[in-house]
Amino acid sequence: MQKMTAEDWLAPLRERHLIPDDTRAAFVVGSAARGWHNPLSDYDICIVSNPLYDVGTSEAISVPLEPPVVSGAVFYTPEKRWEVKYWCDAQIDQMLAKVSWEAYERGTIAGNVLAPVEELTLARIGHCLPLMGADWVDELRGRLAGTAFRSFVIARSLGEADMYVEDALGQMEVGDLESATLSARLAFGHAVDALLEGEGEFGSHQPKWRANRFKAASPAIVTFDAYWAVETMQAYESADPRPWIKEVLALCQDIAVRVDVS
């Protein structure tokens, strides 16, 4: 695909009057920002303004922030579906405050700290493609790096992995091997997410990109081939799944003790 310039990205937005005058920054997020997109992928754009821009559509998303909504717009060009989300400075500040080191040290429950849309937005900052306000984006990346965001998401993923490991062990003990298989798969997904989050590859709410995130992170603990063998259940034997389940659970526990949460 031909590489798009910043103006190539912005022109369709300008034509539809979707860039407010008080825009602080505009940036591409998601697969297109990382070069993972394909001809059927959507284009996702975030715009930060002060105050929050109300684009006047029905695409708003409720968020546990003030203002309590993220405004949005969806439109189509001949080739693509475009989705634009609007945030404001105050909302960004509140999300960063939620993942402060003070909040982490208070023992805030990791799984409750951010709504999925909040976590995904922060997760995408590191690899977004700035179109406007590059200095603002750079400053935000620095502020995010100074928070406990990484520790929060790792702790959340490890907690989920541990829960499913326990489920799988209990299910296997009573002979419910189908459920134990599914629990082991879920445990492995969360354990790998924790491993990747430890390497700065966030985005566990979108497991469809886990393999790409793994390749980008290239963690030393597990090779891609070993990861992919489990992800695709290459050694699974339906006649006797216990060995596969036990191997997966052992791998999850090995990852858990080797990932640095701090």
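Those residues that are of a type in the set (A, V, I, L, M), modelled with pLDDT under 95 and under 22 Å from Ile92 (Cα atoms), I need them from the stretch 7-66; list them, please. Those that are of a type in the set (A, V, I, L, M), modelled with pLDDT under 95 and under 22 Å from Ile92 (Cα atoms): Leu52, Val55, Ala60, Ile61.
Pairing residues of the stretch 224-235 that are of a type in the set (A, V, I, L, M, F, W, C) with residues that are at pLDDT 95 or above, at Cβ distances under 6 Å and at least 6 apart in sequence or on separate chains, gives Phe224/Phe214; Val230/Phe188; Val230/Val248; Ala235/Trp244. So is Ser58 without any contact (Cβ under 8 Å) to a residue 24 or more places away in the chain and of a type in the set (S, T, N, Q) or not? It is true that Ser58 is without any contact (Cβ under 8 Å) to a residue 24 or more places away in the chain and of a type in the set (S, T, N, Q).
Assessment of the stretch 69-90 against the conditions (more than 27 Å from Lys208 (Cβ to Cβ) and open to solvent by 70 Å² or more (accessible area, probe 1.4 Å)) yields no matching residue. When the residues of the stretch 163-174 are filtered to those that are open to solvent by 40 Å² or more (accessible area, probe 1.4 Å) and not aromatic (Phe, Trp, Tyr), the one that is farthest from Arg258 (Cα to Cα) is Val174. Listed by position, the helices (runs of 4 or more DSSP H) inside the stretch 84-164 whose residues that are touching a helix residue (DSSP H, G or I) at 6+ places or on another chain (Cβ under 9 Å) and modelled with pLDDT under 95 number at least 1 are 101-105. Only one of the numbered conditions (1) open to solvent by 30 Å² or more (accessible area, probe 1.4 Å); (2) under 20 Å from Pro116 (Cα atoms) is not met by Leu96, and that is (1).
The values are calculated or read from the model by the stated rules, or taken from the named source; none is laboratory data. Quick caveat, the model's predicted, so the values are computed rather than measured. Ideal geometry is used to build each Cβ from the backbone, glycine not excepted, and the neighbour counts take in all protein chains shown. Heavy atoms of the whole protein, side chains included, go into the accessibility calculation; ligands, DNA and RNA do not. Shrake-Rupley method; radii C 1.70, N 1.55, O 1.52, S 1.80 Å.
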